[in-house]
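The values are calculated or read from the model by the stated rules, or taken from the named source; none is laboratory data. Note that the structure is a prediction, hence the values are computed from the model and not measured. Cβ atoms come from the backbone with ideal geometry, glycine included; neighbour counts cover every protein chain shown. Ligands, DNA and RNA are excluded from the accessible area calculation, which covers all protein heavy atoms including side chains. Shrake-Rupley method; radii C 1.70, N 1.55, O 1.52, S 1.80 Å.
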Amino acid sequence: MKDGYFYKICPKGINSKYSLIVFDIRGNLFAPLTNFYDHEKDRIAESSARNYLDILIPFFDWLNQFCNYKGKRVCWDMGPDCIRVALKDYLVEEMYCKVRPYESFEFVHLTRKSPNTINRFLAAVKAFYKAMIHRRFYSYPNPLIDSMALSNEVKISLMGERKELPRMPSVAGTERPLPHEYRRQTDSFFKIINEEWHPIIIDDPSLPLQLYKGGKDTGWRLRDEVITRLLFETGARATEVIQITIGDYRARRSIREASTFSKGSHGRRVKYLLFSDDTYTLLMRYINNERKKCDLNGYSFEELPNDAPLFLTERGTAYTYYAWYPHWKKTIKEAGLNVNPHKARHWYVTNVLRVIYETSLTEVERSIRLKEFVRYMKWKSKETLEVYEHLLLCLAQYKFENKGLHAIRESSFLYILAYLYENFYFLIPYIFYIGWLVVISCEILIMRGNPQFFENICYSNVSLYIMWTFLSG
């Protein structure tokens, strides 16, 4: 018996309707989550569907072991009110949120202890019940949807200017369009009110070198070194690098480029990755040596078919994110770092934007280079770039202010010393004389009874007299 819910990927060679099967705590097939993954992988990227599943499994474990409603153990297929109470308890107890009712929905307030996966968790639960309703596993309305919001939206959309008559279509041009305030931002029952996405600005140029050193110290394979270098040199997500095929590399004319998919492209190769000559050298060394040894046919680069994966496991199967991630964890632990793979993307964006801003000679040149960079990253919105730019500006301003304060403090100290020396130089002999008297007094108190007492006093007086004469000019 397992400690909780888990899943297994269907092995190659087995003909099954499902590519992944979820099991409950007793090891029995759990059809709801199995069907949910099967439904989602056809609708969104397979990696996103797997991410949803990873987020939902801890919730189902908790639901199965700890959650009660009116004296009964809560089951996922109960009515919306019961599921909402269970979700509220989970958000409060396990995710450290504060939940407050408001009108027909509830506000979710994040705290400092709340993980950064709250939004994805709620989206995953909402998608789960949507899939269950679609596949007729759940006979109630979606618990994650605010029914009042839907009814108001339908009512407003049908309300026309002609009394007791429906609204004319917008293409008719006979009625004024609906104002923007009628459009609700979300129909979710749980609404996060203090969440705002901020990219991470990683301002450490030595971060890749620290990781490379950590990898070498752990004795990592050439395959993992190439993947890590590609992450930092291209700004790609980990799956976009790991799932590259030989054909993706051959598709580009340059030997330093490879085609790959992007988030939401459903596997279509819509962008390319650009890397350095050193990484190209390591990549070809990996393909023709380490990879060739792992390849079941022992093919070199020229013999490989286009659909062959670029990276292989030791058993000759396609390398996956889940097989690669433990090597990443081992590397960062050895390097004494606490960074996830996505921070390599943040590091890349931070450094590229800094170079663009520091090396562009004109505003026009900077604007052109920024547009090219947005196209390269395949960002759907310019707002992503604007958020990065804003944070970089704040960071630069913070550094400038700290540097300026340090310079002001330093210059002020030197100015005071110069002023005192210039205006009160004549007092130095007298200050020295007072110090001389203090020293003589201390010697008399300390050295009484010493046979060489008189000789030491004389030597001290002679040396001090010479210094006095020198300072007095």
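Odds and ends about this structure:
Results for (1) under 21 Å from Ala123 (Cβ atoms); (2) without any contact (Cβ under 8 Å) to a residue 60 or more places away in the chain, shown as yes or no for each residue.
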| position | (1), (2) |
| --- | --- |
| Asn15 | no, yes |
| Tyr18 | no, yes |
| Gly27 | no, yes |
| Tyr37 | yes, yes |
| Glu40 | yes, no |
| Gly79 | no, no |
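- Of all residues in the stretch 111-131 being hydroxyl-bearing (Ser, Thr, Tyr) and assigned to a loop (DSSP other than H, G, I, E, B), the one that is least open to solvent (accessible area, probe 1.4 Å): Ser114
- Hey, Leu87 within 30 Å of Phe261 (Cβ to Cβ) and either in contact with a Phe, Trp or Tyr (Cβ under 7 Å, 6 or more places away or on another chain) or in contact (Cβ under 8 Å) with a residue 24 or more places away in the chain (or both) or not: no
Residue by residue, here is whether (1) out of contact with any Lys or Arg (no Cβ under 9 Å at 6 or more places or on another chain); (2) surrounded by fewer than 17 Cβ atoms within 10 Å (Cβ to Cβ); (3) at positive phi holds:
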position: Leu20; (1), (2), (3): no, no, no
position: Arg50; (1), (2), (3): no, no, no
position: Asp89; (1), (2), (3): yes, no, no
position: Arg100; (1), (2), (3): yes, yes, no
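- Pairs, first without any contact (Cβ under 8 Å) to a residue 40 or more places away in the chain in the stretch 213-238, second crowded, with 24+ Cβ neighbours inside 10 Å and of a type in the set (Ser, Thr, Tyr), C-beta under 9 Å, six or more apart: none
- Of the set (1) assigned to a helix (DSSP H, G or I); (2) open to solvent by less than 30 Å² (accessible area, probe 1.4 Å), all apply to Ala258 but (1).
- Scanning the stretch 331-352 for residues that are in a helix (DSSP H, G or I) and closer than 24 Å to Tyr376 by Cα yields a count of 11.
- Unmet requirement for Glu401, which otherwise passes all of (1) in a helix (DSSP H, G or I); (2) at pLDDT below 90; (3) of a type in the set (D, E, K, R); (4) open to solvent by 100 Å² or more (accessible area, probe 1.4 Å): (4)
- Some residue of the stretch 173-184 being exposed (fewer than 12 other Cβ atoms within 10 Å of the Cβ) and modelled with pLDDT of 90 or more: no
Table: residues versus (1) modelled with pLDDT under 90; (2) part of a loop (DSSP other than H, G, I, E, B); (3) more than 29 Å from Pro101 (Cβ to Cβ).
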{"residue": "Ile14", "(1), (2), (3)": "yes, yes, yes"}
{"residue": "Arg26", "(1), (2), (3)": "yes, yes, yes"}
{"residue": "Asn35", "(1), (2), (3)": "no, no, yes"}
{"residue": "Asp38", "(1), (2), (3)": "no, no, yes"}
{"residue": "Asp42", "(1), (2), (3)": "yes, yes, yes"}
{"residue": "Ser47", "(1), (2), (3)": "yes, no, yes"}
{"residue": "Ile57", "(1), (2), (3)": "no, no, no"}
{"residue": "Trp62", "(1), (2), (3)": "no, no, no"}
{"residue": "Ile83", "(1), (2), (3)": "no, no, no"}
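A quick yes/no check of all residues on (1) in contact with a Ser or Thr (Cβ under 9 Å, 6 or more places away or on another chain); (2) part of a helix (DSSP H, G or I); (3) touching a residue at least 12 places away in the same chain (Cβ under 8 Å):
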position: Leu282; (1), (2), (3): no, yes, yes
position: Ile287; (1), (2), (3): yes, yes, yes
position: Glu290; (1), (2), (3): no, yes, yes
position: Lys293; (1), (2), (3): no, yes, no
position: Gly298; (1), (2), (3): no, no, no
position: Glu314; (1), (2), (3): no, no, yes
position: Tyr325; (1), (2), (3): no, yes, yes
position: Lys329; (1), (2), (3): no, yes, no
